[in-house]
Amino acid sequence: MVKTAHGEFQTPVFMPVGTQATVKTQSHAELKELGAEIILGNTYHLYLRPGADLIASAGGLHEFSGWDRPMLTDSGGYQVFSLKALNRITDEGVEFQSHLDGSRHIFTPENVVEIQRKLGSDITMPLDVCTEYPAEHRKAEKDAARTLQWLKRAKAAWIANPSRQVLYGIVQGSIYEDLRERCLNDISEIDFPGLALGGLSVGEPKEDLLRILDFLAPKLPPEKPRHLLGVGTPEDLLDGVLYGVDTFDCVMPTRNARNGTIFTRKGKMTIKAAAYASDFRPIDPECGCPACRNYTRAYIRHMLSVGEILGLRLTTAHNLYFYINLIKQIRQAIKDKSYKSFRQEKLAEMSEGSEHLY
RNA sequence: GGAGGGGUUCCCGAGUGGCCAAAGGGAACAGACUGUAAAUCUGUCGGCUCAGCCUUCGGAGGUUCGAAUCCUCCCCCCUCCA
């Protein structure tokens, strides 16, 4: 259980990504119905539009958007990675050009704290350098050292003007155990209330992700919540929990939904496939989501192929329901002290293939 | 009846003697997507025994070393005039 200024949420939890203060295609009422307890917004995107001051003048993100449950904002560190062609990193911070109009901006550890203060999110992330994959040890080391300096400055900025918001630390270090360990040790001296693991699932082999999680898990402070940034697939969630991850965020369920990939208990289903054109059954007869309760595969496929918005809404609702429900089942299994066998069963079921849903 | 324009690979549409199995777009099909520049992107898209061959640009015939492109006749569509 994690408490925030806007209520509490249970862990482990999956938070849908709502970059621009909206989880694409879903209303807040719908998100709640799907069981979303916390959502994520993005500092970089909201800073550019509509602007932190405007959101502050509305009273913060919660007032602005109408979402009254907890909210986490990512720092823009990921955009340093995903929009790297548009920015330049220095010790001071990141000089970047807006992907919208090319205008120049500077993000520093300090002003990213300040911007998020204006946004009023409950959990905030410091500016970090998300190391790309593959990266040589030297490069990863440099990024990690810079991230650490930025974390110290971010923490100092927060202390200078404390708030009810919490500021997490972020562990970088790419796929190198020595760097991950050094990051963790250095960060522990700064005393963050929660820790995020960054720079994972950025293209590295799955075994590297698991190796790093396995390596870090016993070294992480047990009393502090652990967030696994940007991860992942349903299988990743099952694995992450094994290593004590408390919170996850990922665009996968929402983005893949819009692109026609549906997640089911028996694995992925590409609903746009011709095979479903005249399949008048629900996606999954055992799923309780709004799409499965009321619509057929053929109809959902039709909605997507003709470009109707309802198709995007239905697949998004299904995937979020699937992720959130999976997490709920995980919580129950943990309560029942049967998580390891639960995980094995789930992984086995997911590998069967969606053609075995009936 | 007269004048003009046009029929191209599933659709739209470029191509007016060789570099054309034929631009581009769409559709279709397959794949990708992990702190969202994403309702996006990539690939395939006549057939085969696939570095080659065969069939194809309304139909038939002809000119030419070579034709979707030139000529003749025919069929169909559109616009304007009567």
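What pairs can you find where one residue is in region A:181-205 and in contact (Cβ under 8 Å) with a residue 40 or more places away in the chain and among the acidic types (Asp, Glu), the other is in a loop (DSSP other than H, G, I, E, B) and within 15 Å of RNA strand B (Cβ to nearest atom), and their Cβ atoms are less than 7 Å apart, with a gap of 6+ or different chains?
These pairs meet every condition: A:Glu204/A:Tyr133; A:Glu204/A:Ile175.
I want to confirm something. Restricting to region A:154-189 and keeping residues that are more than 16 Å from RNA strand B (Cβ to nearest atom) and either of a type in the set (Lys, Arg) or on the phi > 0 side of the Ramachandran plot (or both), which single residue is least open to solvent (accessible area, probe 1.4 Å)?
Among those residues, the one meeting the criterion is A:Arg182.
Could you pull out the residue among A:Thr108, A:Thr124 that is within 23 Å of A:Ala85 (Cβ to Cβ) and of a type in the set (S, T, N, Q)?
Details: A:Thr124 fails: within 23 Å of A:Ala85 (Cβ to Cβ).
Exactly one residue qualifies, and that residue is A:Thr108.
The values are calculated or read from the model by the stated rules, or taken from the named source; none is laboratory data. None of the values given here were measured: they were computed from a predicted structure. Virtual Cβ from ideal backbone geometry, glycine too; neighbours counted across all protein chains shown. These area figures cover heavy atoms from the full protein model, side chains too; ligands, DNA and RNA do not enter into them. Shrake-Rupley method; radii C 1.70, N 1.55, O 1.52, S 1.80 Å.
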